[in-house]
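Peer 1: Got a structure for you, written out below as structure tokens; questions coming shortly.
Values quoted throughout were computed directly from the atomic coordinates according to the rules given, and no laboratory measurement underlies them. The shown structure was predicted, so the numbers you read here are calculated from the model rather than taken from an experiment. When we count neighbours, we look across all protein chains shown, and the Cβ atoms used for this are built from the backbone with ideal geometry, even at glycine.
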């Protein structure tokens with residue numbers, strides 16, 4: 001152990017040295033077993049895998065025998081990788097919201113309430129999307145706010161919401177180069193989990 005090191009750092013270094021010695025012992029055991037033609041497994045072996053949520057989104061799962069570890073599988077843009085779920089409704093945002101707003105019109109609330117009362121799913125995932133006219137940051141906020149507004153209507157009639165997501169302009173259905181394409185991209189999708 002190095003001289004002149006005191007206190008918590010010395011304790012930490014001693015613990016690290018002990019861990020290295022223990023790892024060396026495991027390595028030595030495995031090397032001895034290999035020389036004798038035997039295979040020794042120290043700890044648990046594991047195989048990384050993919051777990052799929054009921055909503056169809058994938059998670060990387062790793063379990064090294066100590067604690068299981070799971071993390072969402074996402075694209076480089078940070079969008080979760082989800083297998084296409086049962087999208088039971090796609091509502092055009094222009095029919096529900098005014099431009100740059102996330103407040104739902106009275107007629108929109110009535111139509112959404114009727115949908116959620118009759119859809120019959122166990123729970124729902126609400127996903128908001130925008131066109132590409134504003135900044136990515138603004139569109140992400142707007143899409144989440146609109147999805148939350150739809151989720152609030154669903155909850156008001158007793159529907160269970162499993163998740164609320166907003167992808168802004170990142171998952172277009174059509175080109176943003178035309179007014180018709182941008183209109184298709186401004187939408188709220190409702191995924192039914194049965």
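Peer 1: Within the set of pairs 6+ apart or on separate chains, which have a first residue in region 134-147 that is within 18 Å of residue 90 (Cβ to Cβ), a second that is in a helix (DSSP H, G or I), and C-beta atoms under 7 Å apart?
Peer 2: 146/93
Peer 1: Looking at region 82-194, what helices (runs of 4 or more DSSP H) fall wholly within it and have at least 3 residues that are buried (at least 22 other Cβ atoms within 10 Å of the Cβ), at negative phi and touching a helix residue (DSSP H, G or I) at 6+ places or on another chain (Cβ under 7 Å)?
Peer 2: 136-156
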